[in-house]
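Below: the structure, in C-alpha cells.
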Amino acid sequence: MTENTIDRGRPGLSERRKRYSVFSLARQARNYHQGWQQAWRHAAPKSSYDAVIIGGGGHGLATAYYLASVHGMTNIAVLEKGWLGGGNTGRNTTIIRSNYLWDESASIYEHALKLWEGLAQDLNFNIMFSQRGVLTIAHSEHELKEMSRRVHAIRLNGIDSEILGPSEIKSFVPIINIDPSIRYPVMGGFLQRRGGTARHDAVAWGYARAADDLGVDIIQNCEVTGITRQGQRLTGIQTNQGYIKTRRAGCVVAGHSSLLAEMAGIRLPIASRPLQALVSEPIKPILDTVIMSNAVHMYISQSDKGEMVLGAGVDKYNSYAQRGSFPVPEHMLSAAVELFPVLSRLRMLRHWGGIVDTCPDASPILSKTDIKGLYFNCGWGTGGFKATPGSGHVFADLIANDRPNKIALPYALNRFETGLLIDEHGAAGVAH
Amino acid sequence: MSRKKLKANPMRIAVGGSRIDTSQPLSFTFDGRSYTGFKGDTLASALLANNVHLTGRSFKYHRPRGIMAAGAEEPNALVSVGTGARLEPNLKATQVELYDGLSARSQNRFPSLRFDLGAVNSLFGRFFPAGFYYKTFMWPASFWMTYEHFIRHAAGLGRVSDEHNDPDRYERMHAHFDIVIAGGGMAGLMAALQAGVSGQHVLLAEDMPVLGGWLNSVKDMHIDALAATDWADRAAERLQQMGNVTILKRTTLFGYNDHNYLLLAERVSDHMAEKPGHLPRQRLWKVRARQVILATGAVERPLTFASNDLPGVMLASAAQTYLHHYGVLAGQRAVLMTNNDAAWHSAFDLHEAGCGVRLIIDTRAAPAAALLRRAEALGIAVRAGACVTAAHGGTRIARIEVASTDVDATRVTSDTEHYDCDLLLMSGGLNPLVHLHSQARGKLKWDEKTHCFRPSGVHEAEQSIGACNGTFGPASALREACAAAVRAVKANGGDAVLAECPSVTAASFNWSPMPVWELPSGHPAGRGGKAFVDFQNDVTAEDIRLAVREGYHSVEHVKRYTTTGMATDQGKTSNINALALLAEARGTDIPSVGTTTFRLPYSPTSIGMIAGRDIGGLFDPVRTTPMDGWHRRNSAKFEHVGQWMRAWYYPKDGESMEQAVSREVRAARTTAGLLDASTLGKIDIKGPDAAEFLNRIYTNSWLRLGIGKCRYGLMCKDDGMVMDDGVTTRLADDHFHMTTTTGGAARVLDWLEEWLQTEWPELQVYLTSVTEQWAVATLSGPAARDILQAAGTDIDLSDENFSFMSMKEGYVSGLPARLFRISFTGELSYEINVPARYGQALWTVLMNAGAPFGLTPYGTEAMHVLRAEKGFIIVGQETDGTVTPHDLDMGWIVSDKKPDFIGKRALARQSMAAHDRKQLVGLLTTDPAQVIPEGAHAVLDPLQQPPVDMLGQITSSYFSPTIGRSIAMALLKGGRGLSGQKVYIPMLDGTDTIEATVTSTQFYDPKGERLNGKS
Amino acid sequence: MLQINCPFCGPRDESEFTCGGEAHISRPLAENCLSDKEFADYLFYRHNPKGLFLERWRHAAGCRRWFNIARDTHSHEIIEVYAMGSKPKTAAARKAYEQNWRRGTAAEAAARIGANPAGANPAGAKQKNRSGK
C-alpha cells in the first residue's frame, strides 16, 4: 500500500546558502577553503516555538526539515542532548531496503525508499545513497517458503524484489560460499536492487543543513529535563538551557524514549536493548552489495572506505550502556566466516554498540499520546536508519495536522490495546 | 659476528641490539627484493637495518610514507604479509616478527611503490579537503553509482588473497585469574612479582615477543644495580619459577568487558617460518579476572608541521628503540625536533651510537642547562625557541627548514635556515595508553603538568600503573606497581607478602613538555605544505580547522567529518594532536573538548580467531534420529527442521520428488506407510497438579481425561496467538506424556517451566524433556493393524480394547513399547514409541513385517500432503504468531467453560472478533492440475495494479494423489465469509493468474471414517 | 559479559542464562474484567528504567531455575540476586520495586484480588511469584 506521489517539499537551498558543487569546491580551493559557511548555525534556544523536535538524530532532523519544507512551519527547533546524529544514526550499519512482509511496513519503508532516491539533490548534500542491492539469504526449506510468501507480498505491493538461486547468488556475490555441505547451506535468496546503503553521518548533517537553511533552530548540548503541561495539554519543555514554551513537541529519541515518556507521565511498550556492530580494516572492494541472513543472524556490506561492516541481532537484556556482550559479535563472526571464508584473515578494527527501542511486535510507534500536542516516534528496533526520510516525512505530517495519515495510522499506540499488531517477528525476519 | 652479515645490514651497529640474536640471520623479501635480518627483528627493524625507509603510500594522497614508530601505534608502514591463502593485508611492519622466508609487499600503490600513479592525487590535494565528497558527485543524480565505483577502488588499503579458505586453525581458552596484568614492561613485571610472591593466581600478558618493554630501549638505566634488560630477564626468570604465575608473550589484551571479562589474542605461530600442525595460528583467551592491573605504557606524540609525513621523519623514542632493542641506526645525519627533555636523551644516545645528530631544535626558549651542557659536550648544535617549519625530500627526508619562534611557538620570528639530514626525530611528549582503562568505562582527566589524559576514577576492579597512568619516572612507576599489586592482593582477600621495591639509577628529568600542537610555518592559514595529524587517513591540521569552520564542533563530528583517528592505528598517535587543534580552533581548552570513547579492540584483531572453531560442522550441532542410518542407506532426501535433519522423501530409482511423494501418499492411503516421527518434542509431566497445570496451559479441558487416553491440545501465548500443538496422553493420574511440534520442543519446555516456576509455584508438577529418550515410528494406513500384528505384539489391537485416541504399553516383536493410537493422516495409525536405542531395530522389524503388505516409508513431505488432505494444520506453516485458534476455525478446542487459560483474556479483546481477520480456508483451483505456489497471495481483483489489496497468503499447497487434484489452504481476510467465491492468485512472473474457489479445509474423508482402517 | 551469581549454582557467565525481562508482573485472570487498555499494561507494557531494574533470569544452561536480580541498566552492576517469590531486600532495590508504575495499575490490583482467597479461582494463578507476595 505505497502511495505514488510524495510532496518532497521545496528542493535545494535558499539563496542565502552557498550551494555545494564541484564548482564551489574549485572556487573555495582557490582561497584555500577559508570561505566555507557553517553547515548549520549553532543556535541558542528562543523562549518559544511553534513546535519543538526532541532528538537531533536522523529521524528528528528529517522531521524538522519536512515540517519546514512541506508544512511551512519554520519557527521550530530541534533539541539535541549531545551532538547531532550521536545516537543510532551514527552507530548503525546503514542498510536501506523496503522489502517488508506486511502492507503497513511495506508502505512506510517504501515511502522512505522513494524519498532516499533523490535525497542528495533535495538536500544539496551527498549522502552517498548507494543502491547496490540488498540480498536476503534463505538457508532451509522452511525459509524458502517464507521467502516465497514475502516476495509475493512485496511484489503485489509494487516493490521490486526478485528470487535468486544459489548459482545466481554466487555470480552476484563471488565471495559467498554456496557449498551445499555447509551447516546452513545457501538455498536461495531474494534481492531488492533498489536497496543499499548510505553514509549515515551525512544524512544527519544534510538534513540539519537544509533545515537550518529554512530557519529551523538546531540546538546541540540541550538536554530536556522536563515536559510541562496543563491538564492533558502540552505547554512547554524544560531544558538545561532554559524553559521553552511550545504547544507541540515530537519526541524522536530512540533508545531513551521511555525516559522521555516518563517525564511526560505516559508509558510506552518499549525495551531499550544494545545493538552491536563492527567493521574490519579497510581492503580493496570484495563485496558490491548488502547480504542479510536471518538464520545465522548476521548482515554484511562493504563501506566506500573499504571496511567490511557487520551487524547482528540485539542483545538479550535491557541496557542504556551503549555496549553489548561479546558472545553476540562472536557468533556473528562465526556466521560471517561460514558464509564468507575470505573474512577469516581480515581483522576487526572497530566495534561499538547502540541502544535501540524494541517493541513487542518489532514495529515502530508513530503516534499521538494522551497529552495533546505531544507526539512520539520510536520503537524502530534495529531497522530505523532505512526509514529515516519516511519516518520524518510522516511524523512531520502527524505533528502539522495533529492526525495520523494513512501510513502512520497503523502505528498508533492503541494497537497494543486492540491487539492489531504489525508483527514483523519470525516470518518477516526483522534482523535489519 | 662476521663482517659479511654486517654488510648485509648496512645500518646495523656491530654491537647488535639488546634483543637481536646476530647468530641467526633470516632472509626475507619486500616487494620481491631479498634482504637479510636477524632473529628478534621486526619487519620494520630489518628494513631499517637495510636502509629501507619507504614502505608504503598514504590512503588519500598516495604520499610516500616510511616507518614512524616502533609498535602498535605505527600509522604508515602497512604491508601485506604472507602468500597464497595465508596472505594477510594491512599489517604494521613494526609488529610483524621476522621469520626466515617472510614475504611482504607494500600496499595502495600502482604500478610500484617508488613510482605510484596515485600520487597524482597529491597534486590536486587542494581540491580534496576533508569531506569534499559530501559536496560533489551529485550531478547528474544517476551517476553516483559510477562515481562510487571509482571512489571505492581508489579507497581501501590492502587486497585479500585470491584463495579464500584459511588453512590455519584457531583455538579458544577460558580461564579465571586472581590478577591479570596487561603489559610486561618494568611496571608490569614489578606488579607481577609482587602479586606472585603473595601467592595469587596471576596472568601477565605482553604484546611483544620479549618482556621488558621500554627497558629494552634504554642504555644508562640500572635497577638494583643491574642493567635494565638484565633486571627484566631476572624478573622474568623469577616469575617463570612461580607455579602460580602464567606469562603470555605475543599476547594482546584487546577487549575489556563488563565484570572484568577480558579478551586476549595470543599469536601462537604467526612468527614461525614453519607452522607446526599441532599448534593453532592464534588463540583467543577469555578471562574472568578478579582484579586487573594495566601497565600498557605510553606512546610518543608526533609534532605537526609541513611534510611531517616524509619517510625518515620518526618518533625520537622509536629511533631509540631501533637503536637499543634492535641495534639499528635509523639514519646517519639526524636532527631532533622536540618540546621536552626526554627526547634530548634519545638524541644523545643516538648520537653516541653513530646517528650523527647534528642539531637539536627545541620549541622552548630555555631548555635545562644540563641538557645544553651535554649537547655542547657531544658537539651537537642547539636551536632553542625555534622549530621546523617544513621538511623536504622525495621518498626520504633530505632537508628541513628551521626558524626562530616567539616564546609560545605560535609565530615564526626569523627567516628560515636550511639543514640537510636523513633522519628527523620528533617528539611532542607522551600519551599514556589509556585505551583499556577507558574500555573498562574508567574516567579520564587532563593533566595540566604533563599535558596528557590520565586515568581518574575506575568503573571495574582495575588499576593503571606506570606510564599508562601518566607516571613516567621509573622509580615512582616501580613504587606505584608495588602498591597497586598489594591493593589487588588485599582486595582479593590475600595476604600481601611485600616484595622489595628495587632502587633505580637513571637520568632524572622533567616530564612536562611545552604544549605545542602545531609548529608555526610562517605561511598564512591553509598555505604551506600539508601538516599531518592523522597520517594514515591523510588528515591535516588544516582539515581539522576546516571542519570547525563548517560547524563540525563536537569532537565526534570532527572525527567523523575528517576521519581523524579512524584509521587502523585507531588514532594512537593522532588523537591528542587532533583534540588540541580542535580546542584551539574552537578557542577553548582540551578538557572541555573531551575525548572520544575507546572501544574494543585495542588493536586490530583477527576475525578468524574470534570465529574460532565455531565454523563448518561445528557452527551448530546436527540432530539426527535413531533411524537416521536406515534413511541414508535407503537414499532418503533430507530437510532441515531446526537443528534436525528429517527424512523428506525416499526417491526410488529415477523418481522425481513429486513422483516419490505421491507414491508414498498413495501407499499410506491404500496399504500402509511408515514415518520416522522421533523428532516430535516429548515432555514427561509428573506430579499431583499435572492435570490442573495442563488445564491452564492448553485452551481445552484436561481435568477429566481418562488414564490411557490421548487428547489433542492447542496452546496459545498470553496474547492469544497459537504457539504450539500436540497430543498429550494421561499415563497415570499424576503422569502425562506431552508431544510438541519438532521445532517447538525446546520453546515449549521453557514456556512450561516459566509458568511453573514464576507464576504457579504452588503447583506440584515436574517436567522432563524426553524427546531423545524415545524413538517414534508412525505406522499409518488401512493395513497398519495387520502389519503390527505380523510384527508380533502382546497388545490386543481390537477397536474394543484399543480405541482411537488411546495408549497401550506392551511389546512389539519383543521391544518394550508405548503405542499411541492417534492419527495425523486420517488413516488407522499407531505412533509406536520405543526406547531410542531400539529405534533402528523397531524400524527394521516393521519394514520386514510390512513388506508383504507393501509397507512404504514416507517422509515429511508426504506427511504434509496426508495431513493437508484432512485439513490438519501445522503450527509454523498455517500459523506465524499472528493467528488465533478462531482464525484457524478451531473454536471447538477453546473451552468457554474454563474461567481461565493462557491466552483467554487476550482472545476476548474486541478486535479479535473482527470479521476481516485472516481466517483459514481451503482453496480448490479451477484447473485441478494447477498447484498454487505456497506463499502466493490471493486477491479478489486480478486486474488491480500494485499496490494490490491482498486477501492473504496460501499456507499449504500440494497435488493430492488421493483426490487426484491440487488442494490448498490459505489464510484470507474474512475467509469463511468468502466460501464458494472465486479468488485469484497472481504469479511472480506477472503473466499468469491462478483462479480458485474458497472451500472447507477438509478435502478428504470429512466424516473421518477411515480412522478405523475400513477402506 | 555479565557475571551472574546463580543462587543455585554460583557465579557463571551471562551466556549460560536467559533474561526474562521485568520481574514482579502479576498476571490478572480472565474473569478480572479489565478493560483492553488495562489488560495491555500486563500484556505489552514493561518498565524500562535507566538505572536499577528488577528482572527475571533463568540459568538455562545450568539448573534451569528462575530467579530475580536487581541490575543497573547503565552501570550493569548487579546489586542483588533474590529468589522467585520474594521481594528484594536492599533499600535501593526495594525503592525500585515500590516506584515502578506497575504498582498502581488495575491489572496488578485485579491480580491481587485474584490471588486470594487461595483456591477461589479454579484456574489457580495464585499470584505468588512475579508479584512477589
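Some observations on this one:
- Strands (runs of 3 or more DSSP E) completely within the stretch B:257-326 that count 1 or more residues being among the aromatic types (Phe, Trp, Tyr): B:261-267, B:282-294
Quick grid of which residues meet (1) closer than 26 Å to B:Gly881 by Cα; (2) at pLDDT 95 or above; (3) not acidic (Asp, Glu):
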| position | (1), (2), (3) |
| --- | --- |
| B:Met950 | yes, yes, yes |
| B:Gln953 | yes, yes, yes |
| B:Thr962 | no, yes, yes |
| B:Ser979 | yes, yes, yes |
| B:Lys982 | no, yes, yes |
| B:Thr991 | no, no, yes |
| B:Val998 | yes, yes, yes |
| B:Thr1001 | yes, yes, yes |
| B:Asn1012 | no, no, yes |
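- The listed residues are B:Ser823, B:Ser829, and the only one of them that is at pLDDT 95 or above, in contact with a Phe, Trp or Tyr (Cβ under 8 Å, 6 or more places away or on another chain) and among the polar types (S, T, N, Q) turns out to be B:Ser823.
- Matching option when the condition is more than 11 Å from every other protein chain (Cβ to nearest Cβ), under 23 Å from B:Glu639 (Cβ atoms) and either open to solvent by 10 Å² or more (accessible area, probe 1.4 Å) or in contact with an Asp or Glu (Cβ under 8 Å, 6 or more places away or on another chain) (or both), among B:Gly826, B:Gly891: B:Gly826
- If the condition is being under 17 Å from B:Glu869 (Cβ atoms) and open to solvent by less than 50 Å² (accessible area, probe 1.4 Å), then the stretch B:998-1012 contributes B:Thr999, B:Thr1001, B:Phe1003, B:Tyr1004, B:Asp1005, B:Gly1008, B:Arg1010, B:Leu1011.
- Just one of the listed residues (B:Ser18, B:Ser34, B:Ser2) is open to solvent by 40 Å² or more (accessible area, probe 1.4 Å), modelled with pLDDT of 95 or more and farther than 29 Å from B:Ser122 by Cβ, and it is B:Ser34.
- Qualifying residue in the stretch A:235-253 (condition: β-branched (Val, Ile, Thr), open to solvent by 20 Å² or more (accessible area, probe 1.4 Å) and under 20 Å from the mean Cα position of the chain (by Cα)): yes
- Checked against the criterion of being more than 16 Å from A:Ser258 (Cα to Cα) and of a type in the set (Phe, Trp, Tyr), the candidates A:Phe395, A:Phe416 yield just one match: A:Phe395.
- Only strands (runs of 3 or more DSSP E) whose full extent lies in the stretch B:62-171 are considered here, and the ones with at least 3 residues that are within 24 Å of A:Ser303 (Cα to Cα) and either within 13 Å of chain A (Cβ to nearest Cβ) or touching a Pro at 6+ places or on another chain (Cβ under 7 Å) (or both) are B:78-81, B:88-92.
- B:Ser307 falls short on exactly one of the conditions (1) open to solvent by 10 Å² or more (accessible area, probe 1.4 Å); (2) of a type in the set (Ser, Thr, Tyr); (3) within 30 Å of B:Gly612 (Cα to Cα), and that condition is (3).
- Taking (1) among the aliphatic types (A, V, I, L, M); (2) within 11 Å of chain B (Cβ to nearest Cβ); (3) surrounded by fewer than 21 Cβ atoms within 10 Å (Cβ to Cβ) in turn, A:Val151 satisfies each apart from (3).
- Among the conditions (1) in a loop (DSSP other than H, G, I, E, B); (2) more than 8 Å from chain A (Cβ to nearest Cβ); (3) open to solvent by 20 Å² or more (accessible area, probe 1.4 Å), B:Asp900 misses just one, which is (3).
This table checks each residue for (1) basic (Lys, Arg); (2) in a helix (DSSP H, G or I); (3) within 14 Å of chain A (Cβ to nearest Cβ); (4) surrounded by fewer than 23 Cβ atoms within 10 Å (Cβ to Cβ).
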residue	(1), (2), (3), (4)
B:Pro933	no, no, yes, yes
B:Pro942	no, no, yes, yes
B:Gln945	no, no, yes, yes
B:Gly952	no, no, yes, yes
B:Thr955	no, no, yes, no
B:Phe959	no, no, no, yes
B:Ile963	no, no, no, yes
B:Ala970	no, no, yes, no
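- Count of the stretch A:98-123 residues which are more than 8 Å from every other protein chain (Cβ to nearest Cβ), within 19 Å of A:Tyr65 (Cβ to Cβ) and of a type in the set (S, T, N, Q): 0
- Of all the criteria given as (1) in contact with a helix residue (DSSP H, G or I) (Cβ under 8 Å, 6 or more places away or on another chain); (2) within 14 Å of chain A (Cβ to nearest Cβ); (3) modelled with pLDDT of 95 or more; (4) not in a strand (DSSP E or B), the one not satisfied by B:Asp614 is (3).
- Within the stretch C:91-111, not a single residue is under 20 Å from B:Glu754 (Cα atoms), open to solvent by 20 Å² or more (accessible area, probe 1.4 Å) and either modelled with pLDDT of 95 or more or not in a loop (DSSP other than H, G, I, E, B) (or both).
- Looking at C:Arg65, C:Arg71, just one residue is away from chain A (no Cβ under 14 Å), closer than 25 Å to B:Asp750 by Cα and either among the charged types (D, E, K, R) or open to solvent by 60 Å² or more (accessible area, probe 1.4 Å) (or both), and that residue is C:Arg65.
- Among the residues of the stretch B:525-542, the ones that are open to solvent by 10 Å² or more (accessible area, probe 1.4 Å) and charged (D, E, K, R) come to 3 in all.
- The criterion of at least 3 residues that are crowded, with 23+ Cβ neighbours inside 10 Å, in contact with a strand residue (DSSP E or B) (Cβ under 9 Å, 6 or more places away or on another chain) and within 12 Å of chain C (Cβ to nearest Cβ) is met by none of the strands (runs of 3 or more DSSP E) wholly inside the stretch B:721-769.
- Elements of the type helices (runs of 4 or more DSSP H) sitting completely within the stretch B:499-597 and holding at least 3 residues that are more than 13 Å from every other protein chain (Cβ to nearest Cβ): these cover B:575-586.
- Answer residue from the stretch C:35-62, given it is more than 11 Å from chain A (Cβ to nearest Cβ) and part of a loop (DSSP other than H, G, I, E, B) and is nearest to C:Asn5 (Cα to Cα) among those: C:His59
- The residue that is surrounded by the fewest Cβ atoms within 10 Å (Cβ to Cβ), counting only those in the stretch A:356-379 that are within 14 Å of chain B (Cβ to nearest Cβ) and within 15 Å of the chain's Cα centre (by Cα), is A:Ala362.
- Selection of strands (runs of 3 or more DSSP E) fully inside the stretch B:633-708 by the criterion of at least 2 residues being within 14 Å of chain A (Cβ to nearest Cβ) and closer than 30 Å to B:Ala790 by Cβ returns B:637-641, B:644-649.
- Candidate set from the stretch C:15-29 (those that are open to solvent by less than 10 Å² (accessible area, probe 1.4 Å) and more than 17 Å from C:Asn100 (Cα to Cα)); member that is nearest to the other protein chains (Cβ to nearest Cβ): C:Leu29
- The one condition in (1) in contact (Cβ under 8 Å) with a residue 60 or more places away in the chain; (2) surrounded by fewer than 24 Cβ atoms within 10 Å (Cβ to Cβ); (3) over 17 Å from B:Ala936 (Cα atoms); (4) of a type in the set (Asp, Glu) that A:Glu110 fails to fulfil: (2)
The values are calculated or read from the model by the stated rules, or taken from the named source; none is laboratory data. Note that the coordinates shown come from a computational prediction; the quantities given were computed from them, not determined experimentally. No Cβ is skipped: glycine too gets one built from the backbone with ideal geometry, and neighbour counts run over all protein chains shown. We work out accessible area using only protein heavy atoms, side chains counted, and drop any ligands, DNA or RNA first. Shrake-Rupley method; radii C 1.70, N 1.55, O 1.52, S 1.80 Å.
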